[in-house]
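First comes the structure, then the notes that go with it.
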Amino acid sequence: MEVDNGEGQVQVHLKTKQEHYAVPDVPYAIDGTVATTELNTFVNALLLSKGSSAVDFDFLVFDEYLRGRLCDHLREKAISFEDAIEIEYVERFPAPEPQDCLLHDDWVSAVKASGKWILTGCYDNTLNIWTNKGKHILTIPGHTAPIKAVDWISLDDDTGRFVSSSQDQTAMLWQWNVGANTVECVSVCKGHERGVDSVSVSPDGQRFATGSWDTMLKVWSAELEDAGEGTSKRMKESGVRTPKMTLQGHRESISAVQWMDATTLLTGSWDHTLKVWDLSLEGIKAEISTNKSIFDASYSKLNHLIVTASADKNLRLYDSRTNQGSVVRNTYLGHNAWVQTVMWSTTEEFLFVSGSYDSQNKLWDCRSPKAPLYDLLGHGEKVLDIDWSNPKYIVSGGSDNTVRVFKSRKALVENMDTK
């Protein structure tokens, strides 16, 4: 039969949500063996008659990006070739451009961008502040063991406040005077009994949460003045603060923590579980069991999905709203070693980035499980942390003692459009 080897015609309808790229809504008969390249040529030929210049598109067939021949895609989905197939086309996200390489003295295990600044944490126990143009601003000593996570609390033209967590079992709150370029440690947060692997600041900037190798999740005040009840006068004077809340439930190290909203926290752990915590009840609201240790997890406020990084080279997608326990929505294949770090875009609903021990960063669309959109190359060793908090910059730190910066051309184009 013709269809068995992919020969023959398929009836398709071409749709797009980007109305300025719309083509006539009529059925087109195309060859079953076409792939993205041929479809791009076909759609651009139709648009050319409208006076449009050439555009790169990606094609969604039954909610998944076309990554091979159309006939193989349909066969895999068990779709009849007799049916009229709807193909949605979307403008391809442009490849991020490599920018500066920020050289450090040791492994860079924590990165966080905000505005024009990049905050980094290292295995030589120091924090560093850089501009996103690659200029080093400040080195900050204070911790007594490698730093594992950092997050900004607030930032304006005059003052920056941030938090760092370390294998020295503490988190530290810092205040940076931008004009004078001086930093002071506001307080040392003590309460964990093992290294503190993860930290996340609440949406209102008033609290932060930490996850540790002691399996505990703790919530702390991020205010400059911690009017904590039960905190001794001596501890207040010494700048030490204690947790507002301690939550027990994980059986192994907490590798990821993130605020989902003002009263809800997500954690991921080496114990193979994701947990959603309700702080108003001080307990677990939902749990997703997986069959792999979770090294990192990221929740998207745009699509309410969670993506996880694991030791088996794969990334997995879960729905935080599911009650079915462990339904994997999708698995993303592409890395060649364990995946250490992952983060959703804060502005692009379908996009996330990952970093792996294969020394590669990858930019993914969650509708394309078979292949990433782009490999972001540059690191010579393991990638330890990746950040896309600033939509303009993807920033990653690695065991090659560098931070790599990639600039989003989409953010650039949109900025030019709005000027």
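The values are calculated or read from the model by the stated rules, or taken from the named source; none is laboratory data. Owing to the predicted nature of the structure, the values given are computational and were not obtained by experimental measurement. Virtual Cβ from ideal backbone geometry, glycine too; neighbours counted across all protein chains shown. Side chains are part of the model used for accessible areas, which takes the heavy atoms of the whole protein and leaves out ligands, DNA and RNA. Shrake-Rupley method; radii C 1.70, N 1.55, O 1.52, S 1.80 Å.
Here are the numbers for this structure:
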| quantity | calculated |
| --- | --- |
| ³J(HN,Hα) computed for each position of the range 330-344 - Karplus, 6.51 cos²θ - 1.76 cosθ + 1.60, integer Hz, glycine/proline x | 6, 10, 10, 9, x, 6, 10, 8, 5, 9, 9, 8, 8, 7, 6 |
| Surrounding net charge for residue 62, when Lys and Arg each add one and Asp and Glu each subtract one, Cβ distance under 9 Å | -2 |
| Which listed pairs, of 133/392; 148/190; 112/275; 362/410; 116/410; 15/392, have C-alpha distances above 19 Å, in listed order | 112/275; 15/392 |
| Euclidean distance of C-alpha centroids, the range 337-378 and the range 99-155, integer Å | 22 Å |
| Rounded percent of accessible protein surface that carbon and sulfur make up, the range 2-109, 1.4 Å probe | 49 percent |
| Sum of side-chain charges, residue 146 neighbourhood, beta-carbon under 9 Å (Lys, Arg +1; Asp, Glu -1) | -2 |
| Relative packing of 21-29, 172-180, which averages over residues the other C-beta atoms within 10 Å, highest first | 172-180, 21-29 |
| Heavy-atom surface of the range 138-262, accessible at 1.4 Å and reported per residue (Å²) | 44 Å² |
| Protection proxy ranking, peptides 38-46, 51-59, average beta carbon neighbours within 10 Å, highest first | 38-46, 51-59 |
| Helix 36-48 vs. the chain, principal-axis angle (Cα, 0 to 90°, nearest 10) | 70 degrees |
| Rh (Kirkwood; distinct C-alpha pairs) - the range 16-82, Å | 13.0 Å |
| Proximal aspartates and glutamates relative to residue 292, as straight alpha-carbon distance under 14 Å, when same-chain residues fewer than 8 apart are discounted | 252, 271, 312 |
| Degrees, to the nearest 10: 409-418 long Cα axis against longest axis of the chain | 90 degrees |
| Net length gained if the chain between residue 154 and residue 86 were fully extended (0.36 nm per residue, minus Cα distance) | 19.9 nm |
| Accessible surface of residue 118 - all protein chains present, 1.4 Å probe, nearest 10 Å² | 0 Å² |
| Relative contact order of the range 97-418, pairs being alpha-carbon contacts under 8 Å that are 6 or more residues apart, as % | 14 percent |
| Reach of residue 17 by Cα under 16 Å, taken over aspartates and glutamates that are not fewer than 8 positions away in the same chain | 25, 56, 58, 63, 64, 86, 88, 91, 348, 349 |
| Average accessible surface area per residue within the range 8-91, 1.4 Å rolling probe, Å² | 52 Å² |
